[in-house]
Structure formats: C-alpha cells, structure tokens
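Trainee: Pasting a structure here, questions to come.
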Amino acid sequence: MTHLTLTSSESTLIDGVDDNFSNMLSTVQAWSAQNSGSHNRSGLIAMRGLLSDRFSALPGDVDDVPLPEGEYVALNGEVQNITYEPALQVSVRPDAPIQLVLTGHYDTVFPKDFHFQKPVKIDEDTINGPGTADMKAGLMVMLTALETLERSDSAKSIGYKILMSPDEEIGSPGSSAILAKLGKASHVGLTYEPALADGSMAGARKGSGNFTLIVKGRAAHAGREHHIGRNAIAAMAEFIGGMEALNGQRDGVTFNIAKIDGGGAVNIVPELAIGRFNVRMKETEDMAWIEQKLEALVAKINLKDGIHAHMHGKFTRPPKPMAPANAKVFDWVKQAGGLLGQEIKWAPSGGVCEGNNLWASGCPNVDTLGVRGGDIHSDREFMKISSLVERARLSSVILMKLASGEFDAVAAKKMAQQC
C-alpha cells in the first residue's frame with residue numbers, strides 16, 4: 001500500500017479552511033435560528049431558500065426536487081395523504097468518471113411553536129441550538145469541503161450530487177426513492193449527520209420501521225350501557241403489552257410504543273385508539289420475524305368481539321452493516337484523519353439515517369461526517385464550535401483523495417455490488 005501524503009497544494013487548501021471559520025459559524029447560527037421542523041412548511045420553505053443561496057456558490061445546478069405524496073394516519077383514524085416540501089438538489093459535473101452522492105437534511109425535530117428556537121453560546125467551544133449538530137452545521141461542513149475541492153487541481157475528475165431533504169427526521173418517506181436512485185448511480189456516499197462529542201462515528205447501523213395501529217371499537221355510555229361498548233383503548237393496551245413482551249426475544253430487535261391517541265370523556269367507552277410505534281433491528285432477516293410477530297398480535301386483537309385493528313406503516317430503512325465496502329470507506333476516513341492528526345474511531349449505532357438508504361441501493365458510504373456534538377433531539381442539543389473547521393478539513397482531504405484516485409471509489413462500488 002502506498003503511504004498516503006498531502007501534496008503541497010493540498011496542504012495549502014486545507015490550511016485555507018481556517019480562514020472561513022467566522023463565516024461558517026455565523027451561517028450556522030443563522031440557520032439554527034430558522035425553525036425548520038419537519039411539519040413546519042413555511043419554515044422549511046425559508047430554510048430551503050437559505051440553503052439554495054449558499055449552495056449556489058458551487059459550479060452546478062441547484063434545483064428543487066418535488067417529492068411524492070405520502071400517507072399519514074390522522075387523529076380520526078383515517079389514512080390521509082400528506083404533501084412534503086421539495087428536496088434541494090445540487091448537481092456538479094454529472095458526466096465525470098467518478099460520481100459521489102452527498103446527503104443531508106434541512107428539517108429538524110422541533111416544531112415551530114416549541115420553546116427551543118435560538119442558538120446560545122454556552123462557552124468558548126460550545127453552542128446550544130436547534131439543529132446545530134443535527135444537522136445544519138453538517139451542511140456547512142459539507143459546503144466548505146466542496147468549496148475547497150473546487151479549488152483543487154483534481155476537482156474536474158469527480159462529479160457529485162447533493163441531496164438536502166426535508167423529511168429525514170420522519171424517516172425519509174418522501175425522499176427515500178430519490179436517495180435510492182442517487183445511491184445506485186454513485187460510487188461512494190458521504191452523509192453529514194453529527195459525530196459524537198468526542199468525534200466517534202457510527203459504524204454499523206440498525207434498521208428501522210415506523211408503524212401505526214388503528215383500533216376501532218364501539219362507543220357507549222360508560223354507566224348505562226357499558227356492556228354494549230367495545231373499548232378500543234383496552235384492546236390497544238393488550239396489543240402494547242404483547243409487543244413489549246417481544247423485546248429481548250431476538251438479539252438487537254426493539255419495539256417502542258411512542259404515542260397513543262384516542263378516547264374522550266370519561267363517561268364514554270372509547271371507540272378509537274391509535275398507537276404509533278417504532279421497531280429497530282440489526283439484521284435484514286429480522287424484518288420477516290418482526291412482521292410475523294406483529295401480524296400475530298393484530299390477528300389476536302381482531303378475534304375480540306366488536307373490535308377491528310389495522311396496522312399501517314412500513315420499514316423505512318434497512319440495516320447498514322459494516323460490510324467490506326463500508327469498512328473500506330471508513331478506512332479512508334481514518335487515513336484522512338491521520339494526515340490531519342485526528343484520531344478517527346467508530347462504534348455500532350442503534351440510530352438510523354440516510355446512510356442506511358444509500359447502502360440499500362448498493363452505495364458504500366460513511367454517514368457521520370458532520371460536527372462533533374450531542375444531546376440531539378432535545379433542547380440540550382449542542383455542537384462543538386472547533387469541530388466546524390476540524391470536520392471541514394477532514395472532508396476536504398477525503399474529497400481530494402477521491403478526486404485524485406488515491407481513494408478508489410470505483411473499486412469500493414464493485415465491492416458493494418459483490419455483497
């Protein structure tokens with residue numbers, strides 16, 4: 001194996017990343033202050049506009065990409081169509097011999113009326129703010145690294161598409177088909193979810209599925225005619241008990257009931273209950289077992305007189321193993337980090353992201369190239385300020401070495417196709 005080094009021109013470009021620090025930080029703060037919760041359409045529109053303006057600095061086309069409609073179980077138990085905001089796609093040199101896909105999301109988990117809305121500096125190296133770590137700072141890292149690549153001599157040998165989606169935090173129901181298409185057409189994928197605060201990255205990832213159980217019974221007066229009512233919430237409770245009992249029965253498989261809606265006045269037998277839950281699994285083969293167990297629980301509920309249960313939903317992201325092709329990409333990251341004096345380490349994760357989708361389409365990838373941070377999905381979310389430059393330098397090296405061919409993207413893709 002040839003010993004990897006940085007050329008003098010590469011070193012100069014990498015050192016230049018530091019000069020952009022103030023601009024990077026102020027941009028992340030402005031992006032964080034723009035609420036873009038997954039269901040806040042006006043906020044998503046505004047955030048997409050901010051991103052479009054900044055990513056237009058790259059030498060390619062910037063376009064809104066409409067997403068197909070999805071389905072959602074409303075509070076009345078009816079399945080309704082839902083329209084998602086467009087994704088934002090950037091396409092640069094689509095005819096180049098090496099093609100990359102870079103992904104990120106511009107939605108957050110925080111609704112527009114949530115109390116957590118503004119970034120606040122906690123100390124000299126820490127900002128607490130919505131979407132800072134997950135993952136608006138990651139988008140800034142991505143952009144800075146690409147701008148660095150574009151100043152290199154080897155840039156023209158590589159092409160890339162960027163997809164910034166509005167629905168990652170709700171499982172990518174609208175953007176999953178686009179991710180699959182881009183992953184299939186690309187040699188390697190880079191995704192900018194946050195690393196842990198110490199810089200550790202996610203290796204193998206579990207898969208995930210989001211489901212809703214709709215239980216319908218019969219309303220009745222809780223005192224005069226309790227006997228003719230059919231309690232949907234009681235039936236839902238039985239289903240939940242059965243599902244909870246499945247935890248621990250298969251290695252790495254978990255079931256989490258997350259939200260229950262239904263019922264009303266205490267003197268009415270409730271005729272409707274809606275339970276929303278998530279499942280996680282380590283292996284692709286686990287999905288068939290999960291489906292069989294859930295279907296059996298639903299069938300048992302449907303044996304009850306006057307009760308009808310229906311399950312809605314699907315697996316949204318299959319597992320992403322540390323297959324040889326993915327291990328190869330992680331090794332490149334480790335080598336790039338070594339050139340910069342950064343120790344790169346990783347561990348398996350129960351979390352899921354767009355990297356799962358890319359792998360399912362046959363694209364080897366690494367998916368925690370964003371900033372160091374933590375406490376994501378809470379009002380304690382934080383990012384480490386110094387990691388803006390640190391991680392932009394890391395991605396800049398990775399991109400330049402992919403462009404030079406020292407990291408062989410074509411070989412990695414072939415490895416993935418052999419899995």
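Just so you know, all these numbers are worked out from the coordinates, no wet-lab data involved. Computed from a prediction, not measured in an experiment: that's the story for all the values here. Ideal geometry is used to build each Cβ from the backbone, glycine not excepted, and the neighbour counts take in all protein chains shown.
Trainee: If you build a Gaussian network model of the chain, linking Cα atoms that sit under 10 Å apart, which residue out of 202, 392, 235 swings the most?
Mentor: Most flexible of the set in this elastic network: 235.
Trainee: Provide the descending list of Cα extents for segment 116-249 along its principal axes, expressed in whole angstroms.
Mentor: If we take the Cα atoms of segment 116-249, the spans are 82, 43, 30 Å.
Trainee: Next up: Between the alpha-carbon centers of segment 177-244 and segment 1-44, tell me the distance in whole angstrom.
Mentor: What the calculation gives is 33 Å, centre to centre.
Trainee: Oh, and also: Mean separation of Cα pairs under 8 Å and 6+ residues apart, divided by the residue count of the chain: what relative contact order is that in percent?
Mentor: On the way: 928 pairs, mean separation 95.9, N = 419.
Contact order relative to length: 23 percent.
Trainee: Test of the criteria: in segment 1-103, which GluC sites (Glu not before Pro) are in a DSSP loop and have at most 16 other Cβ atoms within 10 angstrom of their Cβ? Each step should come with its number before you reach the end.
Mentor: Numbers: sites: 10, 69, 71, 78; in loops: 69, 78.
For GluC sites (Glu not before Pro) across segment 1-103 that sit outside H, G, I, E and B with at most 16 neighbouring Cβ atoms in 10 Å, the list reads 69, 78.
Trainee: Mind giving me the FRET efficiency for residue 305 and residue 7? R0 is 56 Å, r the Cβ-Cβ distance, nearest 0.05 is fine.
Mentor: On the way: r = 76 Å, r/R0 = 1.36.
Once the sixth-power term is evaluated, E becomes 0.15.
Trainee: Using alpha-carbon pairs under 8 Å, 6+ residues apart, how would you state the relative contact order of segment 207-317 in percent?
Mentor: Values: 226 pairs, mean separation 47.3, N = 111.
The value is 43 percent.
Trainee: Candidates [x] 40; [y] 45; [z] 56; which is the computed percent of Cα pairs over 30 Å apart?
Mentor: [y]
Trainee: For residue 318, what charge total do you get from the other residues with a beta carbon under 15 Å from its beta carbon, if Lys and Arg give +1 and Asp and Glu give -1? Provide the component values of the computation, followed by the final result.
Mentor: Values: positive: 184, 205, 206, 280, 282, 314, 317, 320; negative: 283, 285, 286, 291, 354, 367.
Spelling it out: positives minus negatives among the neighbours equals +2.
Trainee: Quick one: 316, 191, 284, fewest Cβ neighbours within 10 Å first, how do they rank? It would help to have the intermediate numbers written out before the result.
Mentor: Details: 316 19, 191 28, 284 13.
Fewest to most other Cβ atoms nearby, the residues stand as 284, 316, 191.
Trainee: Test of understanding: in a Gaussian network model of the chain with alpha carbons linked when under 10 Å, which of 327, 137, 237 would top the mean-square fluctuation ranking?
Mentor: 237
Trainee: Pick out which of 269, 397, 279 has the largest mean-square fluctuation in a Gaussian network model of the chain, springs linking Cα atoms closer than 10 Å.
Mentor: Fluctuation is largest for 269.
Trainee: Within 10 Å of each candidate Cβ there may be at most 12 other Cβ atoms; applying that plus a DSSP loop requirement, which GluC sites (Glu not before Pro) in segment 186-277 survive? Could the numbers behind the result be given before it?
Mentor: Working: sites: 225, 238, 244, 271; in loops: 225, 271.
Here the sparse-neighbourhood loop sites are 225.
Trainee: Please go through segment 299-397 and write out the GluC sites (Glu not before Pro) that DSSP classes as loop and that have at most 14 other C-beta atoms within 10 Å. If you can, show how the numbers build up before the last one.
Mentor: Values: sites: 343, 354, 381, 390; in loops: 343, 381.
Listed in order of number, the matching sites are 343.
Trainee: Within 14 Å, Cβ to Cβ, of residue 19, how many net charges do the neighbouring residues add up to if Lys/Arg are +1 and Asp/Glu are -1?
Mentor: Working: positive: 151, 393; negative: 15, 18, 147.
Once all neighbours under 14 Å are counted, the net charge is -1.
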